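The structure under discussion appears below in the form of structure tokens.
Just so you know, all these numbers are worked out from the coordinates, no wet-lab data involved. As the structure is a prediction and not an experimental result, all values here were calculated from the model. Cβ: placed from backbone, ideal geometry, glycine included. Neighbour counts: every protein chain shown.
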């Protein structure tokens with residue numbers, strides 16, 4: 001993981017979310033991607049907060065984008081690991097901060113993410 005890759009990835013990731021284009025957003029993730037999120041627990045309690053598989057994530061995020069038409073992220077910081085990165089951002093529509101810790105596979109595609117939100 002290099003600073004250059006992490007910076008470019010984070011900027012592209014933010015831009016894809018701000019575009020509300022689900023295919024563009026999902027292009028950053030592997031087919032076996034899983035995400036752990038308090039919002040998943042709230043919106044899909046049967047998942048116990050973990051959504052597994054790109055198609056299931058697509059459905060979850062489609063619902064989220066539909067329910068949040070003014071969603072817009074602003075990048076605050078990027079933290080770099082060995083095979084991971086953390087994107088720290090604010091949702092300017094709700095003024096809530098979040099961090100996403102993302103593990104990347106050998107193809108530099110996200111295969112797992114853990115999300116934490118401010119209250």
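For the stretch 22-80, what is the Kirkwood hydrodynamic radius in Å, using each pair of distinct C-alpha atoms? Mind dumping the intermediate values first?
Working: mean 1/r = 0.0799 Å⁻¹.
Result for the stretch 22-80 stands at 12.5 Å.
Here the label points at residue 18 and residue 43, each 7 Å from Cα along the C-beta direction, are separated by 2.1 nm in the simple model.
What's the whole-number percent of alpha carbon pairs in the chain lying beyond 20 angstrom? Don't skip to the answer; put the middle values down first.
Values: 2655 of 7021 pairs.
When every Cα pair of the chain is considered, 38 percent fall beyond 20 Å.
When peptides 101-110, 45-54 are sorted by average Cβ neighbour count within 10 Å, with the highest value leading, the order is 101-110, 45-54. Taking every C-alpha pair closer than 8 Å and separated by at least 6 residues, the mean separation divided by the residue count of the chain gives a relative contact order of 26 percent.
Report the full-extension gain for the segment residue 7 to residue 59: residue separation times 0.36 nm, less the Cα-Cα distance, to one decimal in nm. Let's see the in-between values first.
On the way: separation 52, 0.36 × 52 = 18.72 nm, distance 2.78 nm.
Gain on extension, residue 7 to residue 59, equals 15.9 nm.
Suppose only helical runs count, i.e. DSSP H with n ≥ 4. What mean residue ellipticity at 222 nm does that imply for the chain under -39500 (n - 2.57) per run, divided by all residues and rounded to the nearest 500 deg cm²/dmol?
Details: 4 runs with 42 residues, N = 119.
Result for the chain: -10500 deg cm²/dmol, rounded to the nearest 500.
Return the FRET efficiency for the residue pair residue 30, residue 67: r is the Cβ-Cβ distance, R0 is 30 Å, and the value is rounded to the nearest 0.05.
Working: r = 25 Å, r/R0 = 0.85.
So the FRET efficiency works out to roughly 0.75.
Between residue 77 and residue 95, the contour length at 0.36 nm per residue exceeds the alpha carbon distance by 4.9 nm.
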